[in-house]
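Data first, discussion second: the structure below is written as structure tokens.
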Amino acid sequence: MNIMGITKNYLLPKILKILTELGENIKLARLRRKLSAAQVAERANIARTTLWAIEKGSPQVAIGLYIQVLFVLGLEKDFLQVAGNDPLGRRLQDAKLLVKERAPKK
């Protein structure tokens, strides 16, 4: 949506739920390590309010900051698992679906 030059993106409720769960998992990981919000925020070089937004699953926080916090918690490698196991993509690849080639240049 674009109103007066301002673009607003709307996320599906399912996506917001995933972000909320991610934030909760990050908070639980912090608490398991017995780290305060201030300690993690300082180590991640972010404001405490930003950490709180991450722990709530805010879509307004840049993905890089989520990863920065995961790094502080020693969980950055978990992020590398995203899309690593892609059964649908592999099935499509195995089916050898025809992909249109580019038309030859004249």
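Just so it is clear, none of the values below were taken in a lab; they were calculated from the coordinates. As the structure is a computational prediction, the values presented were derived from the model and not from experiment. Every residue, glycine among them, receives a Cβ derived from its backbone with ideal geometry; neighbour counts consider all protein chains shown.
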Karplus (6.51, -1.76, 1.60) ³J(HN,Hα), θ = phi - 60°, over region 36-45, in Hz, Gly and Pro reported as x: 7, 4, 5, 5, 5, 4, 5, 5, 8, 6
Approximate spin-label separation A83-R43, in nm, with each point projected 7 Å along Cα-to-Cβ: 2.9
HN-Hα J in Hz across region 46-62 - Karplus 6.51, -1.76, 1.60, θ = phi - 60°, x for Gly and Pro: 10, 6, 4, 5, 5, 4, 4, 5, 4, 5, 8, x, 5, x, 7, 8, 4
Backbone N under 19 Å from the R33 label point (7 Å along Cα→Cβ), restricted to region 67-85: 67-82
Potential lengthening between K106 and D94 on full extension [0.36 nm per residue; Cα-Cα distance subtracted]: 1.0 nm
Under 26 Å between alpha carbons - lysine pairs in the chain that sit 8 or more apart or on different chains: 15
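Where the eigenvalues come from the Cα gyration tensor of the chain, what are the semi-axes √(5λ) of the equivalent ellipsoid, largest first, in whole Å? Mind showing how you got there, number by number?
Working: eigenvalues 248, 90, 38 Å².
Ellipsoid half-lengths, sorted descending, are 35, 21, 14 Å.
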